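Notes follow the structure.
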Amino acid sequence: MRYLVLLALSFPILAQCQKASTPPAGFRALRNLDYVGAGNQRQMLDLYLPESKADKPHPLVVYIHGGGWEAGSKDEADVLVGLIKDGTPYAGASINYRLTDQAPWPAQIFDCKAAIRWLRAHAQEYNLDPEKISVFGISAGGHLVSMLGVTGGVKDLEGELGKHLDQSSRVSCVLDFCGPSDFLTFGGKGSVIDPDDPKSALARLIGGPLKDRQEEGRKASPVTYITPDDAPFLIIHGDKDTLVPYAQATEFDAALKAAHVPSILLTGTDGGHVFLSGPLVQRMHEFNARHLQGKDVQIHGGAVPSK
């Protein structure tokens, strides 16, 4: 229960966190690993590795932070720490990516894919299982992990960053926490964000108001790329989210299921934009156990308490 309290307390201060998250007991942290090789702090990642020797490589949980694509840091990894500790056999990674003050879309997904390729290329060095990679993201990070989950075969979104273009950027499973999925249906669904406002985070991402950048909005939307071979999804969303409309989750879940992609939707009862509860964290653990360890566990969709 102690880690649940830690996670619950961490969420309200994620955006203000300045100090890198402390690795859990029995883990070591490797900081600021440059996955592109350009010396850009926004293209670096931290690894959290078990110190004990293992008979087989560790599955990997990769965390991608939120912040409207314009703020946030890999240092805000307390939630990742909670998912890899307490006896799980996982390693963890938390990645930075270029924010919109440095570059517009698709720079953000280019960076995320370069990070996955780097991790896969260095799997043997760090005793990681390159075939067992879970990605977890919150808000803007939820959008980016969703893009990773549905664009494994989309060459136009691979980019040409780093030294490991021979490696795959595919992932094993996706935990999408309140991420946008379709910018073309974002407006008018109860969000305080106006996608046609040129000062909005979305406009800064796609290079202008959505009304003037429809094609760019479509290309930046995970729902655009769904195919039957996509990674399994766990979608988590509060039904009272006033930033990313709850309809983004229900529409995305329906589109994935229509393409026969495994998808489970967890709805936070009276949940706002990012919430946490013990039952939710338990289902996140179960989802990773199923797809990273092959455990025969059933994860039930539907309502979960938001507190």
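Just so you know, all these numbers are worked out from the coordinates, no wet-lab data involved. Since the structure is predicted, the reported quantities are computational estimates derived from the model, not experimental observations. Every residue, glycine as well, gets a Cβ built from its backbone with ideal geometry; the counts of neighbours run over all protein chains shown.
Remark on Ser263: its backbone amide H falls under 5 Å from those of Phe233, a criterion applied only to residues 5 or more positions apart or on other chains, H modelled at 1.01 Å from N.
To the nearest 20 debye, what charge dipole does the range 72-207 have about its Cα centre, counting +1 at the Cβ of each Lys and Arg and -1 at the Cβ of each Asp and Glu?
With Lys and Arg at +1 and Asp and Glu at -1, about 180 debye.
Close amide-amide hydrogen proximity is noted between Gly268 and His237, Gly238, Asp239, Val304, each under 5 Å apart and 5 or more residues distant or on a separate chain (H modeled in the peptide plane; Pro and chain starts excluded). Taking θ as phi - 60° and the Karplus parameters 6.51, -1.76 and 1.60, the scalar couplings of the range 44-51 work out to 10, 9, 10, 10, 10, 10, x, 7 Hz in sequence order, x denoting glycine and proline. The HN-Hα couplings worked out from phi for the range 293-307 by the Karplus form 6.51 cos²θ - 1.76 cosθ + 1.60 (θ = phi - 60°) are 10, x, 6, 8, 10, 9, 9, 8, x, x, 6, 9, x, 9, 9 Hz, whole numbers, x standing for Gly and Pro.
Within the range 125-167, the trypsin sites (Lys or Arg not before Pro) that combine a DSSP coil assignment with at most 15 other C-beta atoms in a 10 angstrom radius are Lys163. Structure remark: mean-square fluctuation, Gaussian network model of the chain, C-alpha springs under 10 Å; the largest value among Gly190, Gly179, Gly39 belongs to Gly39.
Within the range 191-267, the percentage of alpha carbon pairs spaced more than 14 angstrom apart rounds to 65%.
3J(HN,Hα) along the range 287-292: 4, 5, 4, 5, 9, 9 Hz, from the Karplus curve 6.51 cos²θ - 1.76 cosθ + 1.60 with θ = phi - 60°, whole Hz, x for Gly and Pro. Each principal axis of the Cα atoms in the chain has its own extent, and those three values, largest first, are 54, 43, 39 angstrom.
The alpha-carbon of Lys211 sits under 22 angstrom from the alpha-carbons of these lysines, leaving out residues fewer than 8 places away in its chain: Lys189, Lys199, Lys219.
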